[in-house]
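Inspection log for the structure reproduced underneath, given as structure tokens.
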Amino acid sequence: MDTLITALLWLGAIGCGLLAGVFFAFSVFVMTALGSIVPAYGIAAMNAINRVILRSLFMPVFWLTTLTSLMLAGVGIVHSSEPGALAMLIGGAAHFLGMFVCTVALNVPLNNALAAVDPAGEAALPVWQRYLRDWTRWNHVRTVACTPASAMFVLAMVERAAPV
């Protein structure tokens, strides 16, 4: 069981770190760059990104990290008296709530609304302006959730390895 928990912690730490990096890049420069070009082009580019990401290596990392985080939160609850349990619970909950729930409940519906608009149509500009503001705000939340989740999984490994 210890080997499995350690493997899950490594997967969680690396997965959350990778996701945090992707979300960080979008938050600090990708969305700003897309917002600085002609709206029709920005919309087209973001829609292309959203289509491609669904068929990329990002998705297995997204799903595997989410599953791993839920498992680690469960381990943290079941083994609450063991070293690293609280860090596993905090990391798993932060990732699931701050990344997964935020993505499904907030970012994906915004992606769907953007995909439904004609980039050259009259309705495109207000949809794009709302998208840039709201999608980026929720992406910041995902970045902030994944970063400490990764750190919590590393902390759990350290705590589990420390002599008792």
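Every read-out reported here was derived from the displayed coordinates using simple, explicitly stated rules and does not represent laboratory data. Predicted model, so just to flag it, every value in this text is computed and none were measured. With ideal geometry, Cβ positions are generated from the backbone for all residues, glycine too; neighbour counts draw on all protein chains shown.
At-a-glance table
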{"item": "Those residues of region 95-128 which are assigned to a helix (DSSP H, G or I) and without any contact (Cβ under 8 Å) to a residue 12 or more places away in the chain, in sequence order", "result": "Val101, Val104, Ala105, Val108, Pro109, Asn112, Ala116, Pro126"}
{"item": "Qualifying positions in region 25-40 - assigned to a helix (DSSP H, G or I) and either of a type in the set (Ser, Thr, Tyr) or free of Cβ contacts under 8 Å to residues at least 40 places away in the same chain (or both)", "result": "Ala25, Ser27, Val28, Phe29, Val30, Thr32, Ala33"}
{"item": "Flag if Gly91 is within 20 Å of Ile5 (Cβ to Cβ) and assigned to a helix (DSSP H, G or I)", "result": "yes"}
{"item": "Index of the failed condition, Val61 passing every other in (1) in a helix (DSSP H, G or I); (2) farther than 24 Å from Met88 by Cβ; (3) of a type outside the set (Phe, Trp, Tyr); (4) under 16 Å from the mean Cα position of the chain (by Cα)", "result": "(2)"}
{"item": "Among residues of region 130-153, those that are surrounded by fewer than 23 Cβ atoms within 10 Å (Cβ to Cβ), in contact (Cβ under 8 Å) with a residue 60 or more places away in the chain, among the aliphatic types (A, V, I, L, M) and within 19 Å of Leu97 (Cα to Cα), counted", "result": "1"}
{"item": "Total residues in region 50-94, condition of a type in the set (Val, Ile, Thr), surrounded by fewer than 17 Cβ atoms within 10 Å (Cβ to Cβ) and touching a residue at least 12 places away in the same chain (Cβ under 8 Å)", "result": "1"}
{"item": "Criterion: in contact with an Asp or Glu (Cβ under 8 Å, 6 or more places away or on another chain), more than 20 Å from Pro148 (Cβ to Cβ) and aliphatic (A, V, I, L, M) - qualifying residue of Leu34, Leu110, Leu57", "result": "Leu110"}
{"item": "Given (1) touching a residue at least 12 places away in the same chain (Cβ under 8 Å); (2) within 14 Å of Phe153 (Cβ to Cβ); (3) in a helix (DSSP H, G or I), index of the condition Ile43 fails", "result": "(2)"}
